[in-house]
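A.B. asks: The structure is given below, and queries will be raised subsequently.
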Amino acid sequence: MTKRLAETAPGAGLYIHRGTRAIQKMVEFAPSTGGLALWMRHLDVDDAEVALFAANDGATIYYGPQFETLPLAVQVGLVAHEAMHVALRHPQRMLALRRLIGEVDAELYNICADAIVNSALGHLSWLELPAYSVRLETLLAGTLEHRQGAESALLEWDLERLYRALDDRQTRGGRDGSRHGEGPRRESATGDGPGGQEASEDGRATPKEDGPRAFQARCLGSGIIRDLLPAADAEHPELETEQAREWRERITRAHAGDGAHSMLRTLLADLPKVRTPWEQLLRTQLTRGLSHKPDLSWSRPARSYVANQGRIGPRGQGMRMPWEPGYSATKSVARLAVMVDVSGSIDNPLLERFAREIEAITRRLESRVVVIIGDDRVADVQVFEPGRSNLRGICFQGGGGTEFTPLLREAERFAPDMGVFLTDLDGRTDYRPSFPVLWTVPSAHADMQQPFGRKLIID
């Protein structure tokens with residue numbers, strides 16, 4: 001598409017664009033939440049590849065030529081709709097969801113995002129949503145037979161949960177493409193359209209067919225305009241946490257400022273999620289657990305004891321102090337036990353990311369690594385000197401049940417300073433080791449309870 005910068009006009013501010021009048025109306029009725037649109041870029045699109053009215057890429061709202069033909073109330077509804085997509089980070093969150101679960105159907109995702117936004121704006125009388133708009137309560141009733149009012153639904157459902165509840169597509173032949181251990185997955189060339197695609201074992205794209213929920217969702221949302229464009233800042237994922245935090249704070253303050261006149265019916269469950277990257281949390285936990293700690297030395301006095309010549313009082317003439325031991329640097333090398341559950345629930349891409357982090361941390365901390373691999377029994381044990389671990393060479397086999405006790409007992413033989421267990425927590429144990437254990441769990445199994453120690457969710 002060809003973009004055109006908004007033209008300057010005397011007395012109309014620095015820039016005007018096709019959505020200017022709509023934004024003025026929004027700010028008039030809801031100064032705080034309507035003013036969220038002022039934090040975004042707005043560009044007119046003169047020669048659109050498709051005849052769009054309005055669309056966004058998570059940072060900029062684009063206006064097509066047909067936007068000006070709409071009544072003002074509908075223009076206000078469309079601008080408010082696009083502004084909510086940007087503020088809630090919907091395009092960026094689609095990328096995050098794709099990294100988490102693999103292929104994401106763009107059309108089905110767009111329907112889910114539109115439903116949440118339309119229900120949030122549906123209570124306002126000073127704007128008009130297009131007749132084809134689908135709302136969250138309608139989508140829940142039509143697909144999940146879940147009847148719920150708009151306000152309670154907005155408090156319960158976020159976009160990721162809604163999409164995963166409705167995405168019951170399967171590869172042709174009845175094989176569910178979302179299961180672990182079925183070969184690599186990939187996006188279709190465009191990432192859109194009904195029935196996404198995944199890669200089969202021979203590398204060819206295998207189309208997916210809608211299940212009853214996805215099919216019904218497409219029917220309910222058949223009239224919507226595909227308004228979610230590829231995320232503008234997809235090449236800088238490291239900025240997402242800070243931007244999500246900023247937008248969450250803006251939305252919360254704006255909602256509080258407008259009160260009953262807020263564009264948000266209620267504070268949404270769909271507010272941008274602010275997550276500290278699991279790599280940073282893992283780094284912090286292992287650094288604390290493996291850092292060298294000085295040992296008490298009873299063969300040498302503390303410096304304060306030497307400085308005071310072993311006595312208290314002026315010029316060392318007072319009472320003699322009891323012996324105060326000094327400290328000496330520990331001579332032992334920290335040892336980390338990494339236990340990996342290979343029962344089939346941990347996929348290779350996740351293991352590779354986990355392995356890179358473990359290797360970098362142990363290299364920096366100069367720690368020995370004991371790698372213990374197994375499912376309901378110990379399959380392999382490898383010991384690596386500092387900085388020489390190679391977790392990426394682990395072969396995923398097994399597929400049996402999971403029993404934590406054999407791996408924990410094997411790790412105890414090496415007397416580690418700390419243990420990290422990569423697993424889905426779908427197993428049992430009747431043994432608690434003497435060393436602290438950090439359970440690293442894929443986000444798909446975040447609700448599972450660890451038997452002891454601390455749990456870290458990785459995504």
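The values are calculated or read from the model by the stated rules, or taken from the named source; none is laboratory data. Keep in mind that what you see is a predicted model, and the values were worked out from it rather than measured. Every residue, glycine among them, receives a Cβ derived from its backbone with ideal geometry; neighbour counts consider all protein chains shown. The protein model used for the area step is the full one, side chains on, heavy atoms only, and it has no ligands, DNA or RNA in it. Shrake-Rupley method; radii C 1.70, N 1.55, O 1.52, S 1.80 Å.
Here is a yes/no grid of residues against (1) modelled with pLDDT under 70; (2) in contact with a Pro (Cβ under 8 Å, 6 or more places away or on another chain); (3) under 20 Å from Arg454 (Cβ atoms); (4) not hydroxyl-bearing (Ser, Thr, Tyr):
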{"position": "Leu296", "(1), (2), (3), (4)": "yes, yes, no, yes"}
{"position": "Ser304", "(1), (2), (3), (4)": "no, no, no, no"}
{"position": "Gly318", "(1), (2), (3), (4)": "yes, no, no, yes"}
{"position": "Ala334", "(1), (2), (3), (4)": "no, no, yes, yes"}
{"position": "Met339", "(1), (2), (3), (4)": "no, no, yes, yes"}
{"position": "Thr362", "(1), (2), (3), (4)": "no, yes, yes, no"}
{"position": "Glu366", "(1), (2), (3), (4)": "no, yes, no, yes"}
{"position": "Asn390", "(1), (2), (3), (4)": "yes, no, no, yes"}
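A.B. asks: Evaluate the stretch 241-256: report whether one residue or more is at pLDDT 85 or above, closer than 30 Å to Phe29 by Cβ and part of a loop (DSSP other than H, G, I, E, B).
C.D. replies: Here is the first cut: in the stretch 241-256, the ones at pLDDT 85 or above are 243-256.
Retained after the next criterion (residues that are closer than 30 Å to Phe29 by Cβ): 243-256.
Filter again for part of a loop (DSSP other than H, G, I, E, B), leaving none.
Within the stretch 241-256, none of the residues are at pLDDT 85 or above, closer than 30 Å to Phe29 by Cβ and part of a loop (DSSP other than H, G, I, E, B).
A.B. asks: A further question follows. What number of residues in the stretch 364-380 are in a strand (DSSP E or B) and in contact with a Lys or Arg (Cβ under 9 Å, 6 or more places away or on another chain)? Break it down into steps so the answer makes sense when it comes.
C.D. replies: At the first step, the residues of the stretch 364-380 found to be in a strand (DSSP E or B) are 368-374, 378-380.
Next, only the ones that are in contact with a Lys or Arg (Cβ under 9 Å, 6 or more places away or on another chain) stay: 368-370, 378.
Qualifying residue count for the region: 4.
A.B. asks: Could you grab the pairs with beta carbons closer than 9 Å, sequence gap of 6+ or different chains, first residue in the stretch 97-126 and at positive phi, second one assigned to a loop (DSSP other than H, G, I, E, B) and small (Gly, Ala, Ser)?
C.D. replies: Correct list of pairs: Gly102/Gly177; Gly102/Ser178.
A.B. asks: Still on this structure, please answer the following. Mind telling me which of the residues Val74, Val50 ends up being modelled with pLDDT under 90 and open to solvent by 10 Å² or more (accessible area, probe 1.4 Å)? Full working, then the answer.
C.D. replies: Values: Val74 fails: modelled with pLDDT under 90.
Unique residue meeting the criteria: Val50.
A.B. asks: When the residues of the stretch 33-48 are narrowed to those that are touching a Lys or Arg at 6+ places or on another chain (Cβ under 7 Å) and part of a helix (DSSP H, G or I), which ends up nearest to Asp233 (Cα to Cα)?
C.D. replies: Narrowing the stretch 33-48 to residues touching a Lys or Arg at 6+ places or on another chain (Cβ under 7 Å): 36, 39, 43-46.
When the remaining residues are screened for being part of a helix (DSSP H, G or I), the result is 36, 39.
Numbers: Leu36: 19, Trp39: 16 Å.
So, considering only residues that are touching a Lys or Arg at 6+ places or on another chain (Cβ under 7 Å) and part of a helix (DSSP H, G or I), the one nearest to Asp233 (Cα to Cα) is Trp39.
A.B. asks: Consider Gln92 carefully, then state whether it is closer than 26 Å to Glu242 by Cβ and either open to solvent by less than 10 Å² (accessible area, probe 1.4 Å) or of a type in the set (S, T, N, Q) (or both).
C.D. replies: Yes: the conditions hold for Gln92.
A.B. asks: Still on this structure, I have one more. Spot the failing condition for Cys112; the list is (1) open to solvent by 30 Å² or more (accessible area, probe 1.4 Å); (2) touching a Phe, Trp or Tyr at 6+ places or on another chain (Cβ under 7 Å); (3) in a helix (DSSP H, G or I), and only one is missed.
C.D. replies: The failed condition is (1).
A.B. asks: Identify all residues within the stretch 123-155 that are among the aromatic types (Phe, Trp, Tyr) and in contact with a Gly (Cβ under 8 Å, 6 or more places away or on another chain); write none if there are none.
C.D. replies: Answer for the stretch 123-155, where residues must be among the aromatic types (Phe, Trp, Tyr) and in contact with a Gly (Cβ under 8 Å, 6 or more places away or on another chain): just Tyr132.
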